[in-house]
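The values are calculated or read from the model by the stated rules, or taken from the named source; none is laboratory data. Please read these numbers as outputs of a predicted model, since none were measured by experiment. Methodologically, a virtual Cβ is constructed for each residue, glycine included, from the backbone with ideal geometry; neighbour enumeration extends over all protein chains shown. Keep in mind that these areas ignore ligands, DNA and RNA; they rest on the heavy atoms of the full protein, side chains included. Shrake-Rupley method; radii C 1.70, N 1.55, O 1.52, S 1.80 Å.
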Amino acid sequence: MSRRVGLPEGATPQLSAPEFYTRFARAYDALARRGPFVATLRRALADALDPDPGATVVEFGCGTGANRPYVEDRVGSDGRYVGVDFAPGVLRVAREQDRDPRGASGGREYVRGDAARPPLRDDGVDACCGAFVVGMLPDPAAAVREWAGLVGSGGRIALLDLARTTRPGWRALNPVFRLLVRAGSPPGTARSLERSPATVQDERVAAAHRTLREACADVEYRTLLGGFARVSAGTVE
């Protein structure tokens, strides 16, 4: 059933999350590739994931593929990158950006799917990662457990997320961060959550990173940008 059925006369239908990110896919792509500090954050994610040359890496919530070049620097020409996202518009932009597909020794693939229910077989995936995605998932801990099962024992997982900082001296910027989270959320998010989107995002990020620590050994955790950015990575036990 359409989510627009039963709207009061004259009411403006709200965009679903996939529709929202599809509509703003090109603007998002410009920010994702050229925004302040994004190269530093994306490099930090790839470095933390640290996949072996030739590995198959799945990125959940890949957006327009801004992390792909950093992952491919790690896996090399024999590796494989698979991007998964629920918004068709961002995947379309990702494919447009990918004008030089590699030959049979390597490859790139973009798949529409739900990060919480990976549309992939549980064989042949060596590592997976997600950037700025777990804060959007209703049950991020369950999603991380799914990813751990996908890569299996010895596989790598890495997360990159934004949340309000706890660092003294930087906490004065938390209200600005809260406004940015609200501005970047689909219309109606705050009403549907019945709480501040930034509060919910903080809780989901914490749950996802905690689950990664529980599922993995040799966990690396670091913060960047005054504590607003968090990177966790480890090897599944």
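A few points about this structure:
- Protection proxy ranking of 180-191, 222-233, by the mean of other Cβ atoms within 10 Å over each peptide's residues and highest first, is 222-233, 180-191.
- Note that segment 118-237 carries a Kirkwood radius of 15.0 Å, evaluated over its alpha carbons pair by pair.
- Sites GLU96 and ALA39 - FRET efficiency at Förster radius 22 Å, r taken between beta-carbons, to 0.05: 0.60
- Amide H to amide H distances under 5 Å link GLU59 with VAL82, GLY83, VAL84, CYS129, where only residues 5 or more positions off or on other chains count and H is placed in the peptide plane.
- Accessible area (Å², 1.4 Å probe, nearest 10) - VAL219: 50
- When the chain is described by a simple charge dipole with +1 on each Lys and Arg Cβ and -1 on each Asp and Glu Cβ, the residue from THR211, LEU137, GLY169 located farthest towards its positive end is GLY169.
- The chain: most fluctuating residue of GLU96, GLU59, GLU19 per GNM, C-alpha cutoff 10 Å: GLU96
- Only Cα pairs under 8 Å and 6+ residues apart enter the sum, and on that basis the relative contact order of the chain stands at 20 percent.
- Fraction of accessible area attributable to carbon and sulfur, the chain (%, probe 1.4 Å): 52
- Membrane-span-like helices in the chain (whole DSSP H runs, Cα extent of at least 15 Å along the helix axis, mean Kyte-Doolittle hydropathy of at least 0.0): 38-49, 140-151.
- Cα gyration tensor shape for segment 38-131, rounded if a/c is under 1.5, else prolate or oblate: rounded
- Residue-count net charge about ARG164 - beta-carbon cut-off 13 Å; Lys, Arg +1, Asp, Glu -1: +3
- Total charge dipole magnitude, segment 124-170, about the Cα centre, Cβ charges on Lys, Arg, Asp, Glu only, Debye to nearest 20: 220
- Here the scattering of segment 185-237 is modelled by Debye summation over its C-alpha atoms, one equal scatterer each and no solvent; at q = 0.13, 0.27, 0.32 Å⁻¹ the log10 of I(q)/I(0) is -0.43, -0.99, -1.16.
- Averaged over its residues, the chain has an accessible area of 51 Å² per residue, based on protein heavy atoms and a 1.4 Å probe.
- Charged-residue dipole, Cβ positions (Lys, Arg, Asp, Glu), the chain about Cα centre, Debye nearest 20: 960
- C-alpha center-to-center spacing [segment 202-237, segment 126-157] in angstrom: 11
- Summarised in one figure, the compactness ratio Rg/Rh of the chain, Cα atoms and Kirkwood Rh, is 0.97.
- Global geometry of segment 62-192, whether rounded, prolate or oblate, following the gyration tensor of its Cα atoms and the 1.5 cut on a/c: prolate
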